[in-house]
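Please read the structure below before turning to the comments.
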Amino acid sequence: MPATVRTAALLPDAQPATTPDAADDADQARAGIQSVEVGFALLDALAQASGALMLRDLAAAAGMSAAKAHRYLVSFQRMGLVLQDPVSTRYDLGPAALRLGLASLSRIDAVRLARERMAGLLAETGHTLAIAVWGNQGPTMVHWLEAPQTVPVTLRLGDVMPLLTSATGRCFAAFMGTEGRDAERIGPMLREELARLKKLPRNGMPLDDVPQTPQDVQAMLDETRRHGVARVVHSLLPGVGGFCAPVFDAQGRLAMGLVVLGSVATLDTDWNGTPAQALLRCARQLSLDLGHRPRL
């Protein structure tokens, strides 16, 4: 018996040899999947760019040669995913890409996406979390997730939060817009609330975190925008602090606010502390998932 046959017979786990056709099919399947992944790098580079790109710049952004990129772009143009300007020869996303993007955005449930991230955020912060959206009367609590060990807070789903003394309200006041309808709506509400605050007895509560004048309100809004997140300490409830981070949609509008709050004895109320930064990271990722692209 030939040695080669005798050796194969001694291998109990030996598998039948792969036929050339089967090997070719497997290679083609792997190549097809890899080809889609490689080609997508070009579409992703166009999506990340601020405008149309020359072939060399697009190829560089996707990490491939210009010749290789061109082959993909020819197919993408046939499919309508990419367009090339006949004058400038620059490439940009085409109508098919727009249709896919709009279809995806129309199916996104922003609050559902946020709720899916609450468990992970709770584990990271260790404090009660909430989601707020703009309702008929102002920023409204629509989801609540309490930490296992937390100070009871007399807030309920459906509660409308004040603009000046809650982190949620400050977030919406600062990020809903500085001009147009949003500003026209927020301005009178801020003035009315400030007038009411001046009439309320403070009962010994600290005033450091409560704006007293229009100048104080503007300074508070500027500080919120500077840090990218709103904060309160004592101003909503004695002994309670909190943060609210904005989540933006594809049009740059404020979609919701993510809230963390707790006792000032255990909640780190520093702007750079774990609760504030974890909230910011989550809000920014949610904004990206909703199609928002922040201005550089």
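Quick notes
- Selection within the range 48-78 - part of a helix (DSSP H, G or I), touching a helix residue (DSSP H, G or I) at 6+ places or on another chain (Cβ under 8 Å) and under 17 Å from ALA97 (Cβ atoms): GLN48, LEU58, ALA61, ALA62, ALA69, TYR72, LEU73, SER75, PHE76
- Residue, modelled with the highest pLDDT, within the range 96-124, restricted to residues that are outside any helix (DSSP H, G or I) and exposed (fewer than 12 other Cβ atoms within 10 Å of the Cβ): ASP109
- In the range 215-243, the residues that are in the same structural domain as CYS171 (by TED's automatic domain parsing) reach residues that are aromatic (Phe, Trp, Tyr) and buried (at least 17 other Cβ atoms within 10 Å of the Cβ) with C-beta atoms within less than 7 angstrom, at least six apart or across chains, in these pairs: VAL229/PHE243; ALA230/PHE243; ARG231/PHE243.
- Flag: GLY80 matches the condition of being in contact with a Pro (Cβ under 9 Å, 6 or more places away or on another chain), under 22 Å from GLY291 (Cβ atoms) and small (Gly, Ala, Ser).
- VAL217 falls short of the stated requirement of being buried (at least 24 other Cβ atoms within 10 Å of the Cβ) and either aliphatic (A, V, I, L, M) or within 26 Å of ASP289 (Cβ to Cβ) (or both).
- Condition check for LEU288: at pLDDT 90 or above, closer than 15 Å to ALA130 by Cα and under 22 Å from the mean Cα position of the chain (by Cα): no
- Residue within the range 253-266 that is closer than 18 Å to PRO139 by Cβ, surrounded by fewer than 18 Cβ atoms within 10 Å (Cβ to Cβ) and touching a residue at least 12 places away in the same chain (Cβ under 8 Å) present: yes
- Answer residue from the range 273-285, given it is over 10 Å from the mean Cα position of the chain (by Cα) and assigned to a helix (DSSP H, G or I) and is surrounded by the fewest Cβ atoms within 10 Å (Cβ to Cβ) among those: THR274
- Residue satisfying all of: in the range 131-150; surrounded by 21 or more Cβ atoms within 10 Å (Cβ to Cβ) and under 16 Å from the mean Cα position of the chain (by Cα); farthest from ILE186 (Cα to Cα) among these: ILE131
The values are calculated or read from the model by the stated rules, or taken from the named source; none is laboratory data. Treat the numbers as computed from the prediction; the structure is a model and nothing was measured. Cβ atoms come from the backbone with ideal geometry, glycine included; neighbour counts cover every protein chain shown.
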